[in-house]
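Encoded as structure tokens, the structure appears first; notes follow it.
The values are calculated or read from the model by the stated rules, or taken from the named source; none is laboratory data. The structure displayed is predicted, hence computed values, not measured ones. All Cβ positions, glycine included, derive from the backbone under ideal geometry; neighbour counts span all protein chains shown.
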Amino acid sequence: MFSLDLVFLGCKLENIFKRMRLGLFFMDLDLMQRSLQQAEPLVELGADWQSRNCFNFNKALHCIAIRNFDTATDLLVSAIATFVCTEIMAYTDFIKYTVLCGALTLKRGDVKKLLIDNPEIQQALHYNSTLREYLFSLHECEYRLFYQRLADIEVMMKEDMLLHPHYRYYIKEMRITAYDQLLSTYMSLGVPYMASQFGVSEEFIEDEVSKFIAAGRLNYKIDKVSAKIVNVPLEKNSEVFKAVIKQGDLLLNHIHKLGRVINI
């Protein structure tokens, strides 16, 4: 591709990126998506690294807007060392989005590897104690501090144009993550102990865990007599599932046989 073609390509992409920023400013998801679709083939033609980075970052923001946090995390983490879109947001805000998305979607080991041990993340979080304590407290099992910082994160998300539509979902998912992280290390855990770990009342924690168990989000059961939350082994669930399938097959066979008898 001639250098003149590259200039034209760069100009086209810059115009599209401007439309993306307009879409972000007005939270016009349709404009953001159409702009991304227009930019993608141009980027693949041979855009420079800065244009590629801008495209990926804009794609990450669109993913956050549509609650595709997994893809957003991948794109944001890959851009930590090459962030160039300061015309869209400050680097500190970029780190905020990266940490929030990563804490939600990454496994515990990847959180440490990709976020906690990342030098750029460490440097940026040095100036944001709330975000730093939020990230570190969950990984280090300091659940009382984590719950306090999660409340701060909720306030932060409510005030953020991009994150506000998702704050209820995000806070709920992070509570589930924290509960499961603690409960999964025990065969059973007393409700009073768990409540003290999170700094909340026994009634609150029992109601919370019961709600998530009923919704199928936590694989435990509550023994109200002993006031304990009991771990339900996955193997047992698998055996129950197989038994249900087997009984279902037997029932279908009986129905087919009955159908043949009736036809005769």
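Figures for the structure shown
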{"quantity": "Qualifying residue in the stretch 110-127 (condition: in contact with a Pro (Cβ under 9 Å, 6 or more places away or on another chain) and not in a helix (DSSP H, G or I))", "calculated": "no"}
{"quantity": "Residue satisfying condition, being modelled with pLDDT of 95 or more and in contact with a strand residue (DSSP E or B) (Cβ under 7 Å, 6 or more places away or on another chain), within set Val209, Val232, Val200", "calculated": "Val209"}
{"quantity": "Candidates Asp74, Asp70 - the one that is in a helix (DSSP H, G or I), within 22 Å of the chain's Cα centre (by Cα) and surrounded by fewer than 16 Cβ atoms within 10 Å (Cβ to Cβ)", "calculated": "Asp70"}
{"quantity": "Residue within the stretch 125-136 that is of a type in the set (A, V, I, L, M) and under 18 Å from the mean Cα position of the chain (by Cα) present", "calculated": "yes"}
{"quantity": "Subset tally (residues that are crowded, with 18+ Cβ neighbours inside 10 Å and more than 22 Å from Lys113 (Cα to Cα)) for the stretch 129-152", "calculated": "1"}
{"quantity": "Candidates Thr92, Thr86, Thr82 - the one that is exposed (fewer than 15 other Cβ atoms within 10 Å of the Cβ) and under 17 Å from Lys18 (Cα atoms)", "calculated": "Thr86"}
{"quantity": "Residue among Gln181, Gln197 that is buried (at least 18 other Cβ atoms within 10 Å of the Cβ), assigned to a helix (DSSP H, G or I) and of a type in the set (S, T, N, Q)", "calculated": "Gln197"}
{"quantity": "Where a residue in the stretch 113-140 is farther than 23 Å from Asp74 by Cβ and its partner, wherever it lies, is part of a helix (DSSP H, G or I) and of a type in the set (A, V, I, L, M), with Cβ under 8 Å and at least six apart", "calculated": "Thr130/Ile153; Thr130/Met156; Glu133/Leu145; Ser137/Leu145"}
